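Worksheet: the structure to be examined is printed underneath.
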């Protein structure tokens, strides 16, 4: 007698904290709550990066530091942040969104709390490294989430709204940090990051899934990135940053020797990535022509962005002789223009070709750098404000378009690696750009020292022209990102 057919076994309900279950529980707006969560975490990372800068004089007095020792407060943070960005894919696959984010916020908060309580400069410096390691991944995860959680027609809008928060943090950070230092001392700026960490952690517990990117299950057995690659990259970055700082001194050969070590280690690092099974940098990403050009744009754009952020206030203070309060009045409208432009550019990115918006934004930036080379002491402050505003509008067009154009060029399973690599290159460009601008400016100031005030103006003008040329080169690379005839 044949057996009666058995009823089909219903599939097991999804876990309470999977992406599908959370979308069902929180409704169609869940993805926006996810974006808010990672935006606040990203703001915490940016606050940690920017608020300490205003406390450097007070920390220097506390621990009797020289200029180079004090500079390591920023350099150590930037170096650690740059290295950790490439570990994002492995951390997300191994821990999942929620657990990974919780550990990162704990690490960032630990760095802030212990740094604020430290009585030795060595411990303060170590905590800056801890904060930098957490901040690098915290800044990379949002791009991964936006590409996976939002439909293609919403990605630009989401990137624009996220960019608004990203710009708000460094705009407010130094101002709030200055007030905290004046009222409570330098330790307060380390504690300032804690409320952001706690808020982001509470939101992450409610809205972030346990899944890895794309809804994939967490894989605890995924191999860690090659440790020798990590060591080579860390030493190469340390040699690069230290060598660039060393070029400000005489004799030059110690700095040049460190730069040579950095170059050799970088070549060895790239070669090793092609051979190991778990590379830190996935070289296959660069097989995509659009991604390859976007990577070049990110490197140059990072140098221009961070370099101009350093150069413009210095130009107004030193070359034009404007008081600090007036410099703030010039930069405030530019910051507001950037904050307004980014969400609008995000919406534009959902409708217009990304490569065109990106190229236009870079050309606007290059144009404002070129115009700044004609600004003198007789130039009205209103014109200076206008050029600063236009430059930030160009920057606002670049930010959403660059990320989206690069991520849409790679396969879904490589989005996390692609986002980490783009952030790494932009940050690397920024580290080089700030130091290159400082070195170039010092060189030209010495060359024109005999001309007095006119020589100072000429030195700044020449550096602005160099930045215009470099940014225009990035615009050319962006224009070449356009799809071939017949492509989508």
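The numbered conditions (1) modelled with pLDDT of 90 or more; (2) surrounded by fewer than 18 Cβ atoms within 10 Å (Cβ to Cβ); (3) closer than 16 Å to residue 51 by Cβ are all true for residue 103 except (3).
If only one of 65, 92, 110, 46 is crowded, with 22+ Cβ neighbours inside 10 Å, outside the structural domain of residue 246 (by TED's automatic domain parsing) and either touching a strand residue (DSSP E or B) at 6+ places or on another chain (Cβ under 6 Å) or farther than 27 Å from residue 221 by Cβ (or both), which one is it?
46
The sole residue among 169, 238 that is assigned by TED's automatic domain parsing to the domain that holds residue 267, buried (at least 16 other Cβ atoms within 10 Å of the Cβ) and either within 22 Å of the chain's Cα centre (by Cα) or at positive phi (or both) is 238.
Taking the conditions exactly as written (surrounded by 19 or more Cβ atoms within 10 Å (Cβ to Cβ), farther than 26 Å from residue 235 by Cα and in contact with a helix residue (DSSP H, G or I) (Cβ under 9 Å, 6 or more places away or on another chain)), does residue 81 satisfy them or not? The answer is no for residue 81.
With the structure loaded, tell me whether residue 364 is assigned to a helix (DSSP H, G or I), over 20 Å from the mean Cα position of the chain (by Cα) and closer than 15 Å to residue 393 by Cα or whether it fails that test. Yes, satisfied. Counting the residues of the range 279-311 that are touching a residue at least 60 places away in the same chain (Cβ under 8 Å) and part of a loop (DSSP other than H, G, I, E, B) gives 4.
Residues that are within 29 Å of residue 291 (Cα to Cα), at pLDDT 85 or above, under 22 Å from the mean Cα position of the chain (by Cα) and buried (at least 19 other Cβ atoms within 10 Å of the Cβ) do not occur anywhere in the range 380-389.
Taken together, the criteria place residue 203 among residues that are in contact with a helix residue (DSSP H, G or I) (Cβ under 9 Å, 6 or more places away or on another chain), assigned by TED's automatic domain parsing to the domain that holds residue 138, surrounded by fewer than 21 Cβ atoms within 10 Å (Cβ to Cβ) and modelled with pLDDT of 90 or more.
Inspection of the range 460-468 identifies no residue that is over 24 Å from residue 316 (Cβ atoms), surrounded by fewer than 20 Cβ atoms within 10 Å (Cβ to Cβ) and assigned by TED's automatic domain parsing to the domain that holds residue 300. Of the residues 349, 298, 260, the single one that is at pLDDT 85 or above and buried (at least 22 other Cβ atoms within 10 Å of the Cβ) is 298. Within the bounds of the range 408-422, is there any residue that is closer than 22 Å to residue 309 by Cβ, in a helix (DSSP H, G or I) and either within 20 Å of the chain's Cα centre (by Cα) or outside the structural domain of residue 165 (by TED's automatic domain parsing) (or both)? Yes, the conditions are met somewhere in the range 408-422.
Residue-by-condition table, conditions (1) buried (at least 23 other Cβ atoms within 10 Å of the Cβ); (2) more than 16 Å from residue 292 (Cα to Cα); (3) touching a strand residue (DSSP E or B) at 6+ places or on another chain (Cβ under 9 Å):
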residue: 418; (1), (2), (3): yes, no, no
residue: 421; (1), (2), (3): yes, no, no
residue: 426; (1), (2), (3): yes, no, no
residue: 429; (1), (2), (3): yes, no, no
residue: 432; (1), (2), (3): no, yes, no
residue: 437; (1), (2), (3): yes, yes, no
residue: 440; (1), (2), (3): no, yes, no
residue: 447; (1), (2), (3): no, yes, no
residue: 454; (1), (2), (3): no, yes, no
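Restricting the range 263-278 to residues that are assigned to a helix (DSSP H, G or I) and free of Cβ contacts under 8 Å to residues at least 40 places away in the same chain leaves a set whose member that is surrounded by the most Cβ atoms within 10 Å (Cβ to Cβ) is 265.
The values are calculated or read from the model by the stated rules, or taken from the named source; none is laboratory data. Bear in mind that the values here come from a model prediction, so they are computed numbers and not experimental data. Neighbour counts run over all protein chains shown; Cβ positions are idealised from the backbone, glycine included.
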